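To start, the structure under review is shown below, and the notes come after it.
FYI, it's all coordinate maths here, none of it is from the lab. These numbers were taken from a predicted model, which means no experiment stands behind them. Using ideal geometry, Cβ is built from the backbone for each residue, glycine included, and neighbour counts are taken over all protein chains shown.
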Amino acid sequence: MSSVPLTALAVLVLAVPLNCQAATDGAVRDVMDRNFVFSTRLYQALASRTDDNVLVSTLSVWRGLAALLGGTGGTTQEQLLAALGLTGLDPQNIPDVLSTLTSGLYLKQGVAVFADPSAQASPSFTDFLQSNYSGEVKSVAFDPPRDAADAINVWVRQQIGDEVQDAVADVDPQAKLLLATAASYQAQFSQAFNASVTQEERFYVDNYHVVMVPMMFRADKYYLAYDRSLKAGVLKLPMTDGTAALVVLPDQDVDIGSVEEAVTEEKIRAWIRQLKKTKLEVQLPRFFLDRSYSLKDVLGSLDMVQIFQDDADLSKLGAAPGLKLSQVLHKAVATIDEGSQGATLGGGASVFSTPPPRLTINRPFLFLVYHQSSGGLLLMGRVRDPTKK
């Protein structure tokens with residue numbers, strides 16, 4: 001099988017608790033349904049702010065903010081629960097569900113709270129973060145800001161590897177508290193692409209720009225659906241760890257933004273239900289995305305406001321009165337390619353006596369990765385130009 005790294009790094013990182021008691025299937029499904037709603041709202045809010053490539057590890061952002069629940073109280077916690085879709089659930093039970101979800105996946109996560117020396121976290125919150133999310137509290141002076149940024153970038157590289165570009169160039173010297181997350185997801189295509197048949201093909205960025213990209217190829221039986229209301233095709237690419245990627249390709253005359261505006265939890269569930277197996281030749285571009293975001297304004301648009309204000313209740317974190325969260329940083333990296341064994345595996349010429357229809361992903365498309373049994377959404381992205389990060 002070809003090893004396909006899907007690395008999602010959210011400079012908001014969370015690690016999987018190793019000693020949690022397994023949650024019930026019903027509890028996992030309930031929490032993941034709530035996560036799915038938040039994830040699509042987060043993606044839409046982020047994607048609407050740019051025309052470039054987009055990548056967000058929605059699960060990592062959600063997990064990072066869920067970890068922060070352990071340091072909040074009062075109306076601040078109530079607003080955070082509502083924004084995350086977790087109203088009515090005990091925050092103490094969430095780590096069990098997340099541990100059950102991520103068990104067996106090629107997924108590494110972690111979380112870090114960077115605190116100014118004047119705002120040290122309490123031992124109880126530090127222990128909560130460590131025992132429930134394998135996270136840590138890092139003491140850092142935010143002034144000079146370049147030194148603080150260096151400390152954050154070092155931490156990120158420790159979580160996901162030295163090949164990752166800097167997550168942040170600068171920080172607010174007035175900051176006292178910052179949440180950073182990162183996640184690394186390694187998966188294998190169940191239907192491996194063969195690197196020996198990958199070749200350069202045209203990719204139509206828009207009506208005026210064409211780029212050449214390495215286009216992977218495989219003929220096999222795939223699950224495919226077509227959304228007539230949005231005029232978009234949906235291709236499912238299963239992974240060996242129980243996850244799957246959905247590639248959403250709008251028709252040639254359809255703007256990708258109109259499809260993104262309609263991407264909700266209900267819409268994605270409908271796509272999955274409508275998938276049908278069919279013989280198909282698939283051409284998919286190799287691509288690598290590396291995106292960094294400061295999410296304060298984006299989260300504010302999702303009704304997550306008070307935690308960034310002077311009246312934030314961070315008393316359980318051990319913070320002094322008047323302390324607030326200054327920023328939430330997120331970095332996401334994704335690599336889609338044939339993998340190190342792709343050249344020796346199948347997936348080359350058509351295995352059918354009569355060549356089936358060919359689906360060529362040669363214009364801007366959306367993709368998402370989800371956990372098939374629980375329904376949890378791991379990451380979402382837009383590939384506008386696969387030659388750019």
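Couple of notes before you dig in:
- The gain in end-to-end length when the residue 302 to residue 211 segment is fully stretched comes to 29.2 nm, 0.36 nm per residue minus the alpha carbon separation.
- For the listed residue pairs 108/279; 138/388; 108/389, the alpha carbons are over 28 angstrom apart in 108/279; 138/388.
- In the chain, the DSSP-assigned H stretches of four residues or longer account for a calculated mean residue ellipticity at 222 nm of -8000 deg cm²/dmol, using -39500 (n - 2.57) per stretch and the full residue count as denominator.
- With a Förster radius of 41 Å applied to the beta-carbon distance between residue 162 and residue 196, the computed FRET efficiency rounds to 0.90.
- Counting neighbouring beta carbons within 10 Å and listing from fewest to most, the residues 184, 229 come out as 229, 184.
- Here segment 155-181 and segment 187-266 have alpha carbon centers that stand 31 Å from each other.
- Using a Förster distance of 45 Å, the FRET efficiency for residue 130-residue 277 (Cβ separation, nearest 0.05): 0.50
- Cross-link reach is defined here as a Cα-Cα straight distance under 21 Å, omitting same-chain residues fewer than 8 places apart; for residue 267 the lysines meeting it are 231, 236, 276, 277.
- Think of segment 131-224 as a dipole: +1 on every Lys or Arg Cβ, -1 on every Asp or Glu Cβ, centred on the Cα centre; then among 219, 148, 207, 219 lies furthest on the positive end.
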